[in-house]
Amino acid sequence: MIYRRRATPLHAARAAAGCAYCGALATISLLASSPFVLVATLVAVVAAGAAAGVGRELRRAAWIAVPLGLLVATINPIVDHNGLTVVARLGTVPWLGELDITLEAVVYGLMLGLRAVVLIEAFALYSAAVDPDEVLRLFRRVSYRSALTAVLATRMVPVLARDARRMAEAQRCRPARPAPRLALVRALAGGALDRAVDVAATLEVRGYGSARRPPRIRRPWSRHDFAFAGAAVGLVALVVGAGLGGVAGFDPYPALHVDAGPAEALLSVAIVAVALAPFAGRRGIVR
């Protein structure tokens, strides 16, 4: 997944605000236990991706997130035998014993799968909408070399993927039998090493690797920075406040219990509204 600069409020915000915003959406999926909150968070992530112009990237991430979520939802009822409402008796299974599928385990598995989907989509939004170079500058005062290594490694992944696709397409154009996968991996690894040497030489010429840290660049916070940082704080405060107030409760075991009322509906709407509020202001965006 490659970052591309777009004329959207999220792309105009600084990396710290963007990281806080995407991190808040991911944190909600970890803190929340109510299915209504998780669904609202997923809607907020997808809508934020559409507003940021990265809907295609989120759809690509869904090809990984949805099968993973279904896998988690399928495995949980098989390995988790808690719950009082038995919906299927599959007899005795080796290494698993008496296999009884309960409604509570099925619902909790769906919750875990939905949580995995929301997490992956939130990180996909971060990868597509937050500038990795600005993230590097965030950590340059803490650990400059480690941050540089992480960003370069992240940048190299799509480059190597493109190299692999080009090699595979070139092999398909040959009339002879395609080369084995081992040969493709060997050629790709050799190209990666050559590219790493070139990058290292380029960085050395530009002065990277010296002991002196780069000067700190101070940039005033814009309205978009405050908007997304405020939205991040508001999202976490909503979920934490709801948990402390006993709103949107969910208890799968031993008997399924889900709070579903006006308070839960209002909380879900508030999560989506707060997440999308920063996209309302488009002044100051450079096209």
Which numbered condition Met1 misses (of (1) at pLDDT 90 or above; (2) part of a loop (DSSP other than H, G, I, E, B)): (1)
Failed condition for Leu70, given (1) at pLDDT 90 or above; (2) not assigned by TED's automatic domain parsing to the domain that holds Gly249: (2)
Which listed residue is at pLDDT 80 or above and under 30 Å from Asn82 (Cα atoms), from Asp225, Asp251: Asp251
First in the stretch 188-211 and under 13 Å from Asp163 (Cβ atoms) and assigned by TED's automatic domain parsing to the domain that holds Ala168, second anywhere and modelled with pLDDT of 65 or more and surrounded by 10 or more Cβ atoms within 10 Å (Cβ to Cβ), Cβ under 7 Å, 6 or more apart: Leu188/Leu160; Leu188/Asp163; Leu188/Ala164; Leu188/Met167; Gly191/Asp163; Ala192/Leu160
Condition met for Leu99 (over 29 Å from the mean Cα position of the chain (by Cα), in the same structural domain as Ser29 (by TED's automatic domain parsing) and in contact (Cβ under 8 Å) with a residue 24 or more places away in the chain): no
Top-ranked residue in the stretch 247-268 [being touching a helix residue (DSSP H, G or I) at 6+ places or on another chain (Cβ under 9 Å) and of a type in the set (Gly, Ala, Ser); ranked as nearest to Ala51 (Cα to Cα)]: Ser268
Single match in Thr149, Thr202, Thr154 (criterion: among the polar types (S, T, N, Q), modelled with pLDDT under 75 and surrounded by 14 or more Cβ atoms within 10 Å (Cβ to Cβ)): Thr154
Identity of the residue in the stretch 91-136, among the aliphatic types (A, V, I, L, M) and assigned to a strand (DSSP E or B), that ends up surrounded by the most Cβ atoms within 10 Å (Cβ to Cβ): Ile101
Matching residues, the stretch 44-59, being assigned to a helix (DSSP H, G or I) and within 18 Å of Arg5 (Cα to Cα): Ala48, Gly49, Ala50, Ala51, Gly55, Arg56, Glu57, Leu58
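The values are calculated or read from the model by the stated rules, or taken from the named source; none is laboratory data. Keep in mind that what you see is a predicted model, and the values were worked out from it rather than measured. Cβ sites come from the backbone with ideal geometry, for glycine too, and all protein chains shown count toward neighbours.
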